[in-house]
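Here is the structure we will look at.
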């Protein structure tokens, strides 16, 4: 249980750091470099060997955001061995990488 909680906190920190880097401002921070604003969020259930965790995936006002850490499992599970997706439930083997943040422009 402790490891699962630590994993969830670590995932949440990575997601928040990626979005902060992408939009140029931390939550509630006002900067000249800001390119977008946070607009709520949604929980995403992830099954891990430590048990299910539910990091909150932030939403943004102008564009769509999905963390690159979870990109492989949620966007194209058939391409990633060991992953599956069912609605809002994702089962994945995580790997960290240095790719650019995932953002979809409408």
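Shape verdict for segment 1-56, please, from the Cα gyration tensor: rounded (a/c under 1.5), prolate (a/b greater than b/c) or oblate. Since a/c reaches 1.5 and a/b is larger than b/c, the shape of segment 1-56 is classed as prolate.
With a ≥ b ≥ c the root eigenvalues of the C-alpha gyration tensor of segment 30-71, is it rounded (a/c under 1.5), prolate (a/b larger than b/c) or oblate? Taking the square roots of the gyration eigenvalues as a ≥ b ≥ c, segment 30-71 is prolate.
Neighbour counts of C-beta atoms inside 10 Å place 61, 44 in the sequence 61, 44, starting with the fewest. Inter-label distance, residue 30 to residue 56: 2.2 nm, where each label sits 7 Å from its Cα along the C-beta direction.
Laboratory data are not the source of any read-out in this text; all were calculated from the coordinates shown. Predicted model, so just to flag it, every value in this text is computed and none were measured. Virtual Cβ from ideal backbone geometry, glycine too; neighbours counted across all protein chains shown.
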